[in-house]
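Enquirer: Take a look at the following structure, please.
The values are calculated or read from the model by the stated rules, or taken from the named source; none is laboratory data. Just so it is clear, the model here is predicted, and its values are computed rather than measured. Heads up, the Cβs are rebuilt from the backbone with ideal geometry, glycines too, and the neighbour counts pull from every protein chain shown.
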Amino acid sequence: MKTQVCIIGGGPSGLMLSQLLHLKGIDTIVLERQSREYVLGRIRAGVLEHGFAKLMREAQCGERMDREGEIHHGFYIAHDGRQDRVDLHKYSGGSSVVVYGQTELTRDLYEARDRMKGVVIHNAEDVQPHELTSAAPYVTYRQGDEIVRIDCDFIIGADGFHGVSRKSIPKTVLKEYEKVYPFGWLGVLSRTRPVSPELIYAKNERGFALCSLRSQVLSRYYIQVPLSDSVEDWSDEAFWAELKRRLPAEVAQRLETGPSIEKSIAPLRSFVAEPMRYGNLFLAGDAAHIVPPTGARGLNSAASDIYYLYHAMMDHYLRGDSSGLDNYSAKALARVWKAQRFSWWMTSLLHSFPDSLPYDQKLQQTELEYLFSSEKALGSLAENYVGLPF
Ligand code: APR
Ligand code: PHB
């Protein structure tokens, strides 16, 4: 087979890029290791920054998001017996975020690829990129007993944190920066009415908690748990009881509980791999960087990679200008690191750290007091949360 751009990974990053390039007449093939049912069974975060929502519309995939997604102009931080609202709209100069599940968004992208007869190959095993530094790179994969080869101009590594793409860059070239947090998030999805129309991030000495939602009948809640905990340790009853302990009393009182539809634990990690280009391989999204979910930056950090790659590919194919491809890694990393900084800051602000000193706790408290006493500090939080420009 032959294509212009071979994309490894059929998550939001790979599908979005494939869809955008297709609309500009640039041919792609997407190789996904899993089945479509598996990909669409994963429950992921649900806050989209303004820029990502725009990209969805540009990709002609924004219709359902605009119909069913909720625009949020603010969120709450509960701490020290108070609930303070962060007015995103006011402090970001009129911007907002869209609450829309990443699972739904991925479904919309798949449907758009189907509608346009895009080639997405599922259950592609042993995907391997080859000849990355030559002018004729190619990708092989196995389907049953058959090895298939795809010749292409460029390879996009959009295969997530555990993918093969990043691992194909020689260790002498790639530098990895990583910070693993000493806790995870236990998440529960339940068919209950959300406790609050806007998200509540709660800092509590028992640990962090988050009240989020997918719709007015579907709630998503999280609590910070030690890494040694497993899902089996947490019955639904135990989860609701602990969540209530960490929320302000009046919020806990009106919390509607019910059976969990999904329950999982995600460890918190910050990670960046540099550079994001090696020869004709370009990394995008989780393949190159991971953030802890506190600032809701995961998908949004991927969005700028996709945007830069999309424009760089257009410049290359439609105008014969390769400077965007040459600058991709530096440009993408500049924004990636800002998302890293913000996610780290919000994580540090709101969680209980097992080894923290009384001094650290005082600073955490002071940081919150400062935040809600300074319009400039709120402005900084708001502009990062709605997404820095790209
Ligand atoms: N070959 C082919 N596909 C692979 C391989 C491989 N060797 N390894 C992984 N994949 C697939 C995964 O099955 C997955 O569907 O690549 C896809 C990567 O998707 P994601 O992990 O969702 O990463 P990405 O598309 O970059 O999405 C950005 O935003 O909210 C965050 O972390 C969240 O994943 C989300 C991210
Ligand atoms: C979610 O709804 O899953 C969610 C929302 C906000 C976050 C993280 C996750 O910061």
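Enquirer: Do any strands (runs of 3 or more DSSP E) entirely within region 196-286 hold 3 or more residues that are closer than 24 Å to residue 41 by Cα, and if so, which?
Expert: Those strands (runs of 3 or more DSSP E) span 209-215, 218-226, 260-274.
Enquirer: OK, next. What's the number of the condition residue 58 fails, among (1) closer than 30 Å to residue 198 by Cβ; (2) in contact (Cβ under 8 Å) with a residue 40 or more places away in the chain; (3) of a type outside the set (Phe, Trp, Tyr)?
Expert: (2) is the only condition that residue 58 fails.
Enquirer: Are any residues in region 372-390 touching a residue at least 40 places away in the same chain (Cβ under 8 Å), assigned to a helix (DSSP H, G or I) and hydrophobic (A, V, I, L, M, F, W, C), and if so, which ones?
Expert: Answer for region 372-390, where residues must be touching a residue at least 40 places away in the same chain (Cβ under 8 Å), assigned to a helix (DSSP H, G or I) and hydrophobic (A, V, I, L, M, F, W, C): 378, 381, 382.
Enquirer: A further question on this structure: Does residue 126 meet the test of being of a type in the set (Asp, Glu), surrounded by fewer than 15 Cβ atoms within 10 Å (Cβ to Cβ) and within 18 Å of residue 33 (Cβ to Cβ)?
Expert: Against the criterion (of a type in the set (Asp, Glu), surrounded by fewer than 15 Cβ atoms within 10 Å (Cβ to Cβ) and within 18 Å of residue 33 (Cβ to Cβ)), residue 126 qualifies.
Enquirer: Still on this model: Counting just the residues of region 260-319 that are among the basic types (Lys, Arg) and either farther than 17 Å from residue 330 by Cβ or within 16 Å of ligand 2 (Cβ to nearest atom) (or both), which one comes out surrounded by the fewest Cβ atoms within 10 Å (Cβ to Cβ)?
Expert: Step by step, filter region 260-319, then rank; the result is 319.
Enquirer: Take region 12-42 and flag every residue that is crowded, with 19+ Cβ neighbours inside 10 Å and either of a type in the set (D, E, K, R) or within 16 Å of ligand 2 (Cβ to nearest atom) (or both).
Expert: Matches in region 12-42: 12, 32, 33.
Enquirer: Additional query: Within region 97-138, take every residue that is closer than 20 Å to residue 27 by Cβ and aromatic (Phe, Trp, Tyr) and give me the one that is nearest to ligand 1 (Cβ to nearest atom).
Expert: My answer is 110.
Enquirer: Turning to a different aspect of this structure: Taking into account only those residues within region 277-308 that are of a type outside the set (Gly, Ala, Ser), more than 12 Å from ligand 1 (Cβ to nearest atom) and closer than 18 Å to residue 175 by Cβ, which is nearest to the chain's Cα centre (by Cα)?
Expert: Per the stated criteria, the residue is 282.
Enquirer: Turning to a different aspect of this structure: Name the pairs: first residue in region 39-53 and in a helix (DSSP H, G or I), second residue more than 9 Å from ligand 1 (Cβ to nearest atom) and among the charged types (D, E, K, R), Cβ to Cβ under 7 Å, at least 6 apart or on different chains?
Expert: Pairs that qualify, where the first residue is in a helix (DSSP H, G or I) and the partner is more than 9 Å from ligand 1 (Cβ to nearest atom) and among the charged types (D, E, K, R), are 40/107.
Enquirer: Now a separate question. Would you call residue 117 over 18 Å from the mean Cα position of the chain (by Cα) and assigned to a loop (DSSP other than H, G, I, E, B)?
Expert: yes
Enquirer: Okay, moving on. Between 342, 353, which is part of a helix (DSSP H, G or I), modelled with pLDDT of 95 or more and closer than 24 Å to residue 199 by Cβ?
Expert: So the residue among 342, 353 that is part of a helix (DSSP H, G or I), modelled with pLDDT of 95 or more and closer than 24 Å to residue 199 by Cβ is 342.
Enquirer: Here's another thing I want to ask about it. Working only within region 159-184, note down all residues that are within 10 Å of ligand 1 (Cβ to nearest atom) and free of Cβ contacts under 8 Å to residues at least 12 places away in the same chain.
Expert: Across region 159-184, the qualifying residues are 162, 167.
Enquirer: Scan region 178-186 and give yes if some residue there is within 13 Å of ligand 2 (Cβ to nearest atom), closer than 12 Å to residue 221 by Cα and part of a loop (DSSP other than H, G, I, E, B), otherwise no.
Expert: No, because not a single residue in region 178-186 is within 13 Å of ligand 2 (Cβ to nearest atom), closer than 12 Å to residue 221 by Cα and part of a loop (DSSP other than H, G, I, E, B).
Enquirer: Pairs, please: C-beta under 9 Å, at least 6 apart or cross-chain, first residue in the same structural domain as residue 323 (by TED's automatic domain parsing) and of a type in the set (D, E, K, R) and in region 273-289, second more than 16 Å from ligand 1 (Cβ to nearest atom) and in a loop (DSSP other than H, G, I, E, B)?
Expert: 274/174
Enquirer: Looking only at region 13-52, filter to residues that are within 7 Å of ligand 1 (Cβ to nearest atom) and polar (S, T, N, Q); which one of those is farthest from residue 311 (Cα to Cα)?
Expert: Per the stated criteria, the residue is 34.
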